[in-house]
Structures are given as structure tokens and as C-alpha cells.
Amino acid sequence: MRKLGKEKYKAFIEINFINSPEFKKVFEEDISADAIITGISAMRSGVNFTAGKTLLFLDEIQECPNALTALKFLAFDKRFDCIASGSLLGITYKKLKSFPVGYVEEKRMYPLSFREFASASGLAETVISYLEECFNGQKKVSDAVHSAMLNLFRTYLLVGGMPEVVSEFLENRNFENTAQLQESLHRQYTHDIIKYADRDENRIRQLYLQVPSSLSSGGVRFMLSEISRNARYEKYESGFQWLYDSGTVPPCFSVKEPAVPLETNADRKLQKLFLSDTGILCSLTVKNAYFDLLSGSENANLGFIFENLIAQEFSASGIDLFYYNRKGIGEVDFLIQDGLEIIPVEVKSGKYFRNHQALNNLMAIKNYPINKAYVLSGGNMEKDGNIINLPWYMTMFIDVKKPSGHVDMSYLADCSHRHLWGSGE
């Protein structure tokens with residue numbers, strides 16, 4: 001944002017509501033564009049708003065809910081561009097006088113994806129293009145490239161995608177330093193829950209802290225009984241939703257059947273919960289197994305790490321998370337809805353990918369819209385009938401059809417505020 005402001009605008013004005021809380025006063029009463037410009041100019045000497053050539057950057061906007069409401073008036077005024085940044089933990093749950101529906105374009109940021117991490121690590125774009133050709137043509141990757149990509153992917157498992165952590169690792173190549181940063185970020189999340197949760201902060205914190213141990217225990221789904229024998233979903237439902245909306249815990253819901261649309265088949269009480277960053281998960285659960293992960297050892301039971309990373313990759317690609325688990329079939333780790341087609345996905349922690357009985361059982365049922373399935377593993381690209389083995393790193397090429405065409409804006413105008421903001425779409 002700073003790079004954009006300094007390179008593309010004559011004037012770049014940055015307000016951080018944590019470092020400079022006094023600027024909240026500007027938004028306390030009159031939040032018209034004229035009043036905001038006058039107030040900021042009066043409080044910061046040397047500021048010069050030039051129509052058509054100024055970018056106002058409001059950072060940590062969750063600390064000033066009135067500033068979020070004021071975006072509508074700044075956008076309607078049209079003299080100055082405005083960009084805001086903040087934590088979803090605070091933005092979603094602060095009490096707003098009015099959310100500026102129709103005036104704000106929301107961009108949800110995620111940890112660096114594997115593709116972004118690879119690029120930051122210096123991987124040539126020609127290699128990415130070659131891998132994409134292999135993916136599209138279902139061709140085996142050369143042994144040398146495959147081996148190098150597996151090593152890079154395993155490194156990404158441990159480093160994750162938090163920008164500060166990635167920068168530290170690329171500069172010093174020290175996993176001990178990155179683990180300390182990751183643990184610090186985890187503590188900051190727990191502190192932010194207490195800070196931003198208007199209610200139920202204790203239950204929200206319990207849920208968040210339980211996710212790593214729930215994953216590492218190898219259970220199929222998140223069990224409230226692991227928190228308390230007397231815990232009931234109804235008491236924790238708002239806490240779950242708070243974590244979903246905050247972006248810290250992507251949920252993966254069980255579906256009653258693998259049929260379109262998956263959303264209406266979902267049972268929200270049956271869910272797997274993941275951490276948004278696998279590097280943080282590794283620092284909390286497998287610090288004594290870093291060597292095993294890097295070396296590709298298949299002795300350790302680390303499948304949950306790989307499953308979390310695939311969930312992270314899918315979430316960043318805009319793919320909703322669902323899974324299927326039925327007696328007589330077994331558990332299928334993920335189901336992807338691609339248009340009117342369902343694609344089952346199985347995740348393996350090693351190179352051996354031919355043992356996928358649950359997939360076989362599901363594929364044998366002919367009345368579902370399933371034409372192919374993916375197995376993600378450390379093995380090379382290989383096709384076995386309608387089951388395709390993909391190396392983990394090729395997850396970056398899995399995409400789904402997005403809605404296209406004309407949108408009836410009159411319909412959108414009639415949608416509820418909760419739907420537009422809470423859905424994250």
C-alpha cells in the first residue's frame with residue numbers, strides 16, 4: 001500500500017489508529033469528506049490534499065469503527081482515493097453505525113500461498129510454467145525438478161506464509177528463529193481474541209487453543225468434548241462463527257452426500273478445524289520433528305500437517321472446504337465443487353499414494369456428479385483410471401469455476417447487511 005501511494009500519487013497520507021489514536025477524534029462527530037480532510041490537515045502539519053492525486057491510507061482501521069463508516073462518504077466525494085487496512089478480528093465485530101455497502105471493495109488477505117513463497121524464494125517463473133504444463137497435460141515431472149520442488153514444499157510446511165516469518169527465514173535460514181516468531185504470532189492471536197471479542201471471549205479462546213491438539217490427535221473431526229465433557233454446540237456456536245469470520249480458523253464442514261451444491265448438504269455441527277497458517281501449527285505441535293519433515297521421513301504420523309496445508313492452499317484460492325465421512329465408505333479428506341461437478345481429494349503424507357480405499361468406495365457409486373478425483377502426495381504425477389495423483393506442490397494449479405456474467409445489482413441492493421459482509425464474498 002505504501003509502495004502504491006508513494007509511486008502513483010502526488011500526495012500519500014498515512015494514518016495508523018494504533019500508533020496515532022488521537023486521529024480517532026476526527027471521526028467522532030462529522031464524518032463528511034470535508035470534515036475529515038479539514039481535521040487531518042489541522043492535526044498533521046505539511047499535509048496537502050490534492051484532488052485526483054492523493055491517496056489516504058487508514059491503517060488498523062478496526063480501532064476506529066467510525067472511520068470504516070466514513071469510507072462511504074470519502075468514496076461518494078470522489079476527490080481522493082482511500083485505502084484501509086485492518087484485522088478481521090476487529091473489523092467484523094466492532095459496532096458500526098453503518099457499513100458502507102456498495103462503496104467499499106473488500107480484499108481479504110491470506111498467508112503467502114506456496115506459489116508466492118516459491119516466488120519469494122527465487123524460483124524462476126519458467127519452472128512454474130513448466131509445472132503448469134505438466135498439470136494440464138497430466139505429464140510426469142522430471143525427476144530433478146520434482147525432487148527440488150518437494151524440498152521447497154517441505155520447507156514451506158515449516159515456514160508457512162506469514163510475511164514477517166517468511167522474511168526472517170529467507171534472510172537467515174534459521175528454523176529456530178522462525179519458530180519463535182510463529183509462537184509469538186500465536187500468542188498475539190489469543191490476546192486479540194480477548195481484546196476484540198465483545199462476548200464469549202473465554203469460549204472463543206478455548207476453541208482456538210484446542211485446534212492444534214485436535215489436529216495432532218488424528219481425530220476425524222473437532223470434538224467439543226475435548227474442551228469439556230459438558231460442552232454443547234449451541235453454547236459455542238457464536239464462538240465458532242467468530243473464529244471463521246476472523247480468518248484464523250478455516251472450517252471444513254461434513255456433507256451428508258457429495259452432491260451439488262455442497263453448501264446446502266453441509267452439517268455445520270460436524271466439522272474439521274484448521275489453522276490459517278501451517279507454519280504456526282508446526283511450531284506448536286511438531287518442533288521435535290522438523291528434521292523428519294524436511295527429510296521426507298514417513299515414520300512420523302504427520303498427516304495432519306499436510307492436510308492443514310492443503311486446507312490453507314484451498315482457502316487462499318477461494319475454494320470452500322468440505323469433507324465426506326460415511327460408514328461403509330470411509331473418510332474423504334476434501335470435496336471440491338467445480339461448477340456442477342464434485343472432485344474428491346485425498347491427502348497423503350508420504351510418497352505412497354495407491355492406498356485410497358475411501359476414494360475407491362466413493363467413486364464406485366455412480367449416481368454422484370464425480371468424474372475424477374485427486375490424490376495429493378509426495379509421488380510424481382500419475383493417472384490411474386479417473387484417479388489422478390498430484391505432487392503436493394501442484395495444489396497451486398487446482399482451481400474451480402467462478403460465477404461469471406452480468407450481476408443484477410438491484411438484487412444485491414436487497415440483500416441483508418449480514419449476508420454481504422458476513423459471507424466474505
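Observations on the model:
- Taking 0.36 nm per residue of separation and subtracting the current Cα-Cα distance, fully stretching the chain between S45 and E22 would add 6.8 nm.
- Overall, region 86-199 carries a charge dipole of about 540 debye about its Cα centre when +1 sits on the Cβ of Lys and Arg and -1 on the Cβ of Asp and Glu, all other atoms neutral.
- If R0 is taken as 30 Å, the Cβ-Cβ distance between D192 and A124 corresponds to a FRET efficiency of 0.20.
- Cross-link reach is defined here as a Cα-Cα straight distance under 30 Å, omitting same-chain residues fewer than 8 places apart; for K10 the lysines meeting it are K24, K25, K53, K72, K78, K107.
- Taking a straight Cα-Cα cut-off under 12 Å and skipping sequence neighbours fewer than 8 places away in the same chain, the aspartates and glutamates within cross-link reach of K348 are E298, E307, D333.
- Cα centre as origin, Lys/Arg/Asp/Glu Cβ charges: the chain dipole, Debye: 380 debye
- Ellipticity at 222 nm from helices only: DSSP H runs of n ≥ 4 in the chain, each -39500 (n - 2.57), divided by the residue count, give -13000 deg cm²/dmol.
- Long-range tail of P(r) for region 56-190 (Cα pairs > 20 Å, %): 62 percent
- Cα-based Kirkwood hydrodynamic radius, region 287-393, one decimal, Å: 14.6 Å
- Förster radius 60 Å - calculated FRET efficiency between N174 and V220, Cβ distance, rounded to 0.05: 0.95
- Computed over every Cα-Cα pair of region 173-248 and binned at 10 Å starting from 0, the pair-distance distribution P(r) comes out as 17, 45, 30, 8, 1 percent.
- Cα-based Kirkwood hydrodynamic radius, region 214-289, one decimal, Å: 13.9 Å
- Bridging of K327 to lysines at a Cα separation below 17 Å is possible for K256, once same-chain residues fewer than 8 apart are set aside.
- Span per principal axis, largest first, for the Cα atoms of region 112-226 (Å): 52, 35, 24
- Inter-site label distance for F291 and E106 at 7 Å from Cα along Cβ, in nm: 4.7 nm
- For region 253-347, the equivalent ellipsoid derived from the alpha-carbon gyration tensor has semi-axes of 27, 14, 12 Å in decreasing order.
- Shown is the FRET efficiency for E257 and Y233, computed with R0 = 30 Å from the Cβ-Cβ distance and rounded to the nearest 0.05: 0.90.
- A Stokes-Einstein calculation at 25 °C with viscosity 0.890 mPa s, built on the Kirkwood radius of the chain over Cα pairs, returns a diffusion coefficient of 104 µm²/s.
- Qualifying chymotrypsin sites (Phe, Trp or Tyr not before Pro) for region 345-405 [loop in DSSP, other Cβ within 10 Å: at most 14]: Y352
Since every read-out is calculated from the coordinates, none of them should be taken as a lab result. Since we're looking at a predicted model, the values are computed, not measured. In this analysis, Cβ positions are derived from the backbone assuming ideal geometry, glycine residues included, and neighbour counts consider all displayed protein chains.
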